[in-house]
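The values are calculated or read from the model by the stated rules, or taken from the named source; none is laboratory data. Since this is a predicted model, take the numbers as computed values, not measurements. Note: ideal-geometry Cβ built from the backbone for every residue, glycine included; neighbour counts use all protein chains shown. The area values use the complete protein model at the heavy-atom level, side chains included, leaving out ligands, DNA and RNA. Shrake-Rupley method; radii C 1.70, N 1.55, O 1.52, S 1.80 Å.
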Amino acid sequence: MKKGRKHQQGTGARVNGNGNAQQHGEHESWKKLKLVVIHQALNCDPVDIETLRSAAVSEGGLLTDEIRRKVWPKLLSVNVYNLPAKPTKDIRENHKDFNQVLLDVRRSMKRFPRGMRVDERQVLQEQLIDIILVVLQKNPALHYYQGYHDIVVTFLLVVGERMAIAMVETLSNHHLRDFMDPTMDSTKHILNYLMPILEQVDPQLHEFMLRAEVGTIFALSWLITWYGHVLSEFRHVLRLYDFFLASHPLMAIYFAAVIVLHREKEVKQTECDMAMVHQLLSKIPQDLPYEELITQAHCLFTRYPPSLLAKRAALQSRKSITINCFKAFQTATQQQRPDSVLRRQLLQGRARGLGGPDSQLVLSGDMQPNQAANQAANQLVKMAVWGISATLGAAALAVAQTALDWAPDFFMQLF
């Protein structure tokens, strides 16, 4: 049996038994059909955003990084033909967050694909610093937090520097907005949704965790990094980002709930002690059934929406900017033009002598992050572009979990 699976993975054709061959053929047909559906949704005018959301949530997510580079911007209402300019180095001068961002990025080496050359990784780390500082400078109301770089690096590796700036800025003003307050109060409010979800699904597990007084701090790094800090396989991180980008901002806490529910037997068999239960839950197993858990989280959200849980979660009276702004954000995404129209508008603008930062872009449909290579005038820029290109080729490689103690200064704000 193991030998047969090995053949199936290696060739896609040499499999043992007609059943395995049929299953493989059905999988390939399903994948091709899904790609067609996504392509059709992208070319509707306006873009069929609901179909794109469904594709991102359903089994397999968006399948490839090429598709993500087309769909992720639509999920965030980002015009890929009107991207911000490349950051200049003076962005670092007198920036209040520069030293902390530099420190966090310097120790994020293991968030990059294994086997990447040191000089390539260093170029991407410099871009990561600039992306963060640009977004913060343009949005003074946003406050940097330790773990923010774990989210930003995921977008950098998939879509490249300029598109990452646009997407991260939008994400920071919507899905991540509560995490970027000057205090941790809003973040604690989001964490407060975890226990009411558990209470609805498994009262016994909920009561056990209350007796253990474990709280919800074990899920903090999951929530504020969208699991990017705690998962070692980059493909799993990407799958969750597909899901979260297409969902309500609180979906990450629902996913935390299904992880705890998935480990219900382990939790109940552990000594009912805060330290013991916290130690167990704070370490996410790397072999989780992600598709099954995504489906469960989606179902729990439908069955127990935030409005139902809000009173139980509101241990302190406050208004969530993230939650309150989401409906308007979701409505705005439904009025987007397809890329073919945006490309034509850009061409027309160039013909009239208009054009923004993207007027010099090569107008291809894929919008690869290494498109600027033809314009590179010095070795550093060439190396940066080559590094992005190499990264995209390695996007499915594993990324090891960060070994350092996680954001100790950030945790201190909770108490």
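For L103, state whether it is surrounded by 16 or more Cβ atoms within 10 Å (Cβ to Cβ) and either in contact with a Cys (Cβ under 6 Å, 6 or more places away or on another chain) or not aromatic (F, W, Y) (or both). For L103, the condition - surrounded by 16 or more Cβ atoms within 10 Å (Cβ to Cβ) and either in contact with a Cys (Cβ under 6 Å, 6 or more places away or on another chain) or not aromatic (F, W, Y) (or both) - is not met.
Against the conditions (1) of a type in the set (S, T, N, Q); (2) surrounded by 20 or more Cβ atoms within 10 Å (Cβ to Cβ); (3) modelled with pLDDT of 95 or more, where does Q204 fall short? Just the number, please. Going through the list (1) of a type in the set (S, T, N, Q); (2) surrounded by 20 or more Cβ atoms within 10 Å (Cβ to Cβ); (3) modelled with pLDDT of 95 or more, Q204 breaks only (2). Kindly check whether there is at least one residue in the range 184-191 that is modelled with pLDDT of 95 or more and either assigned to a loop (DSSP other than H, G, I, E, B) or buried (at least 19 other Cβ atoms within 10 Å of the Cβ) (or both). No, there is no match, as no residue in the range 184-191 is modelled with pLDDT of 95 or more and either assigned to a loop (DSSP other than H, G, I, E, B) or buried (at least 19 other Cβ atoms within 10 Å of the Cβ) (or both). Within the range 56-70, the residues that satisfy the criterion of being touching a residue at least 60 places away in the same chain (Cβ under 8 Å) and not acidic (D, E) are A56, V57, G60, G61, L62, R68, R69, K70. Close Cβ contacts (under 9 Å, 6 or more residues apart or on different chains) running from residues in the range 23-35 that are of a type in the set (S, T, N, Q) to residues that are open to solvent by less than 60 Å² (accessible area, probe 1.4 Å) comprise Q23/Q8; Q23/V15.
Scanning for something polar (S, T, N, Q), within 18 Å of P84 (Cβ to Cβ) and in a helix (DSSP H, G or I), does the range 136-150 turn up at least one residue? Yes, there is a match, as at least one residue in the range 136-150 is polar (S, T, N, Q), within 18 Å of P84 (Cβ to Cβ) and in a helix (DSSP H, G or I). Of all residues in the range 1-49, those satisfying the criterion of being open to solvent by 90 Å² or more (accessible area, probe 1.4 Å) and modelled with pLDDT of 90 or more are K32, L33, H39, Q40.
For M180, the criteria (1) of a type in the set (A, V, I, L, M, F, W, C); (2) surrounded by 23 or more Cβ atoms within 10 Å (Cβ to Cβ); (3) touching a His at 6+ places or on another chain (Cβ under 8 Å) hold in every case but one, which is (2). Of the helices (runs of 4 or more DSSP H) lying entirely inside the range 234-318, those carrying at least 3 residues that are surrounded by 15 or more Cβ atoms within 10 Å (Cβ to Cβ) and aromatic (F, W, Y) are 234-245. Looking at the range 39-63 only, could you name the residues that are within 13 Å of L240 (Cα to Cα) and in a loop (DSSP other than H, G, I, E, B)? Result: S58, E59, G60, G61, L62, L63. Residues in the range 155-177: is at least one under 25 Å from V71 (Cβ atoms), surrounded by fewer than 20 Cβ atoms within 10 Å (Cβ to Cβ) and either in contact with a Gly (Cβ under 8 Å, 6 or more places away or on another chain) or hydroxyl-bearing (S, T, Y) (or both)? There is at least one residue in the range 155-177 that is under 25 Å from V71 (Cβ atoms), surrounded by fewer than 20 Cβ atoms within 10 Å (Cβ to Cβ) and either in contact with a Gly (Cβ under 8 Å, 6 or more places away or on another chain) or hydroxyl-bearing (S, T, Y) (or both). Annotation: Q334 fulfils all but one of (1) over 25 Å from the mean Cα position of the chain (by Cα); (2) modelled with pLDDT of 70 or more; (3) open to solvent by 50 Å² or more (accessible area, probe 1.4 Å); the unmet one is (1). One residue stands out among those in the range 207-227 that are free of Cβ contacts under 8 Å to residues at least 60 places away in the same chain and hydrophobic (A, V, I, L, M, F, W, C): the one that is least open to solvent (accessible area, probe 1.4 Å), which is L223.
Is it fair to say D150 is among the acidic types (D, E), more than 22 Å from K265 (Cα to Cα) and at pLDDT below 95?
no
Kindly indicate whether any position in the range 92-112 is aliphatic (A, V, I, L, M), in a helix (DSSP H, G or I), within 19 Å of the chain's Cα centre (by Cα) and within 23 Å of D242 (Cα to Cα). Within the range 92-112, none of the residues are aliphatic (A, V, I, L, M), in a helix (DSSP H, G or I), within 19 Å of the chain's Cα centre (by Cα) and within 23 Å of D242 (Cα to Cα). Restricting attention to the range 218-233, the residues being assigned to a helix (DSSP H, G or I) and either modelled with pLDDT under 95 or not aliphatic (A, V, I, L, M) (or both) number 3. When the residues of the range 52-71 are filtered to those that are within 15 Å of R337 (Cα to Cα) and open to solvent by less than 40 Å² (accessible area, probe 1.4 Å), the one that is nearest to the chain's Cα centre (by Cα) is V71.
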